Every structure is written in C-alpha cells, then in structure tokens.
1. How would you classify segment 1-104 from its alpha-carbon gyration tensor, with a ≥ b ≥ c the square roots of the eigenvalues: rounded for a/c under 1.5, else prolate if a/b is greater than b/c, otherwise oblate?
2. Taking Rh as the Kirkwood radius computed over C-alpha pairs, what is the Stokes-Einstein D of segment 120-182 at 4 °C in a medium of viscosity 1.567 mPa s, expressed in µm² per second?
3. With every protein chain present, what is the per residue accessible area of segment 1-125 (1.4 Å probe, Å²)?
4. Is the C-alpha gyration tensor of segment 65-157 telling us rounded, prolate or oblate? Criteria: a/c under 1.5 is rounded; beyond that, a/b larger than b/c is prolate, otherwise oblate.
5. For segment 104-119, take each phi angle, set θ = phi - 60°, evaluate the Karplus expression 6.51 cos²θ - 1.76 cosθ + 1.60, and give the result in whole Hz per residue in order, putting x for glycine and proline.
6. Using only DSSP helix segments of four residues or longer, with each worth -39500 (n - 2.57), what per-residue ellipticity at 222 nm results for the chain after dividing by its residue count and rounding to 500?
7. Past 20 Å, Cα to Cα: identify those pairs from 63/124; 6/41; 4/53; 153/198; 20/198, in the order given.
8. Once you sort the root eigenvalues of the Cα gyration tensor of segment 104-156 as a ≥ b ≥ c, which label holds: rounded (a/c under 1.5), prolate (a/b larger than b/c) or oblate (the other case)?
Amino acid sequence: MVEKTKEIINKMADLIIENKKYLTELDSAIGDGDHGINMTKGFKKVKEKLAAKDYENNKELIKTVAMTLISTVGGASGPLYGTAFLNISKIIPDADFDLDSLIEIGEEAVAGVQKRGKAEQGEKTMLDTMIPAVNSLKESKEQDHDLETALKKAKASAEEGMKATIEMQATKGRASYLGERSIGHQDPGATSTYLIIKTVVDELY
Ligand code: ADP
Ligand code: MG
Ligand code: MG
C-alpha cells in the first residue's frame, strides 16, 4: 500500500505543478499572486523526498509530506496543508482505503486546517472544497453507496464547493482585505484542494 500512496502523492504533485500558472492567476485577482508558486515549490520538494528513500508505511510517508510542505511552501497555505497532512499521518492505515478510512482521513484534514486557520465553511477558503467532499463521503456511507460511487460523488461535491467560492466574500486570509471586492473570483486555495481531491479520487477507482 505504501507504493500506491506514493504514486497518488506523485500524481498530486504533478497536477499542482501543471496548474502553477492557473493557481497563481487566481491568487493575483484576490491575493498576492503566489499560490501556484508556493504550492509548486512545496510539491517539487515532496517529489524529491519521496524519490530519495523507501518508506516503511503510510504514516511515515505522509509525515514526510507534511513536514516538507510546512518547511517549503510559504504563505498561509503551507502550514495549513502541512497540518492537514500531519493530522492524516497519525491515522492513515496501510490497508487498502475503504469508505471508513477515507472519511477519517477527510475529517482529520479538515480538523488540521481548522486548528491552524480558525475558519469555517463559507469564508472563501480551501475548507469550502474540503468540507463538502467529506460530507459527501459521510452521506454515501449512510446511503450504503459502494466505494466508486462514493468517490465520484465526493469529487463532484468538491468541484461544486470550489465553484461556490466565486460568489463568496472572503473573511479569512489575504483575500479578506478586499472585502466585497473579493466576490466574483474563485478562491485559489479552494482550487488547489480540488486538484488534490481529484487526484486521490481518480487514482483510487
Ligand atoms: P498567502 O495568502 O499567504 O499568499 P497562499 O497564496 O499560498 O498564501 O494561499 C492562499 C489560500 O490559503 C487562500 O486562497 C485560502 O484558500 C487559504 N487560506 C488562507 N487563510 C486561511 C484560513 N484561515 N483557513 C483556511 N484556508 C485559508
Ligand atoms: Mg498568496
Ligand atoms: Mg503570499
């Protein structure tokens, strides 16, 4: 399972790196135009770290991802994503992921971001992508959906959440300085979170 997780993280890094310009453009509209640069710097380093040694288990692997993001991604997003991955590293199993473990992973990611950033849903941040995806997984569990259906629904919910940030006014982070002028633009962090969730879903089914 460590090999598969490593593959997922590498694909995630590639997608973020491919979208460097897009993420930076989004951040230029409502922030300081560095989100793509910050994330690319961090995920390039993550790829280097993963290639440099073998990891014994998922916990060790994800902890390395977390520490690398914390130390290399600048800005608000580095510590936020870093804390999310650090939380995940404490609970991630080595067995194949099932709906229960994916829900726990999602909940730990949200808890990490909230511990660090003190934001709620609706404040135009990465949480507006993350929380709907986790809620969707929980709903799928209640409705007894199979894993593939649950993953596809979670991806669709993440995308919807990302797009919903366009109409939101930012009340956390740098975009909040713009007040009402932050309305009408998609949040960069919500967009990078969508790319991360999309990778996990596309790699698991
Ligand atoms: P900076 O704003 O320091 O330049 P980045 O541009 O890398 O950092 O990241 C900006 C993104 O971070 C925002 O688009 C938003 O999604 C996210 N963000 C900022 N503050 C918070 C917070 N308190 N909680 C959750 N996410 C946040
Ligand atoms: Mg920025
Ligand atoms: Mg910055």
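1. prolate
2. Reported coefficient: 105 µm²/s.
3. Value returned for segment 1-125: 46 Å² of accessible area per residue.
4. Here segment 65-157 falls in the oblate category.
5. Here the 3J(HN,Hα) series is 5, 4, x, 5, 5, 5, 4, 4, x, 5, 6, 4, 7, x, 6, 9 Hz.
6. That comes out to -23500 deg cm²/dmol.
7. Over 20 Å apart, Cα to Cα: 63/124.
8. Because a/c hits 1.5 or more and a/b exceeds b/c, segment 104-156 counts as prolate.
The values are calculated or read from the model by the stated rules, or taken from the named source; none is laboratory data. From a predicted model like this one, the values you see are computed outputs, not experimental measurements. Note that each Cβ is placed from the backbone with ideal geometry, even for glycine, and that neighbours are counted across all protein chains shown. SASA here: full protein model, heavy atoms, side chains in, ligands and nucleic acids out. Shrake-Rupley method; radii C 1.70, N 1.55, O 1.52, S 1.80 Å.
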